[in-house]
Amino acid sequence: MSKENITFRLDSDKRTTLDAIAAGIDRDRSYILNEAITAYLEMHQWQIDQIQQGLAEAEAGDFASDEDVQAMFTQLTHAG
């Protein structure tokens, strides 16, 4: 996988925190930024995938019944 340079602006407080995290785990700033971007992309890709799956199910007419919704509501509101 090829690597490219990218430049962006970052608040000085965030840079200070970023550098502290990097020093705390004996890594450089690039490593921390790459880890953070990977986590961000994975989270948002998961959300997009779930939305697309939900849309496909809706287009196929695959909806929860009123009874299913009520049962889940009851379970969630009476948990504990």
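The values are calculated or read from the model by the stated rules, or taken from the named source; none is laboratory data. All values derive from a computational prediction rather than experimental measurement. Ideal geometry is used to build each Cβ from the backbone, glycine not excepted, and the neighbour counts take in all protein chains shown.
Pairs only if they're at least six apart or on different chains, beta carbon under 9 angstrom, first in segment 43-71 and on the phi < 0 side of the Ramachandran plot, second surrounded by 10 or more Cβ atoms within 10 Å (Cβ to Cβ) and part of a helix (DSSP H, G or I); list them, first residue then second.
Asp62/Ala56; Phe63/Glu57; Ala64/Met72
Collect the residues in segment 24-80 that are modelled with pLDDT of 95 or more, of a type in the set (Asp, Glu) and either over 18 Å from Leu10 (Cβ atoms) or touching a helix residue (DSSP H, G or I) at 6+ places or on another chain (Cβ under 7 Å) (or both), keeping them in residue-number order.
Asp26, Asp28, Glu42, Asp49, listed by residue number.
I'm told Gln45 meets every condition in (1) more than 20 Å from the chain's Cα centre (by Cα); (2) surrounded by 10 or more Cβ atoms within 10 Å (Cβ to Cβ) except one. Can you identify the failing condition by its number?
Going through (1) more than 20 Å from the chain's Cα centre (by Cα); (2) surrounded by 10 or more Cβ atoms within 10 Å (Cβ to Cβ) one by one, Gln45 breaks only (1).
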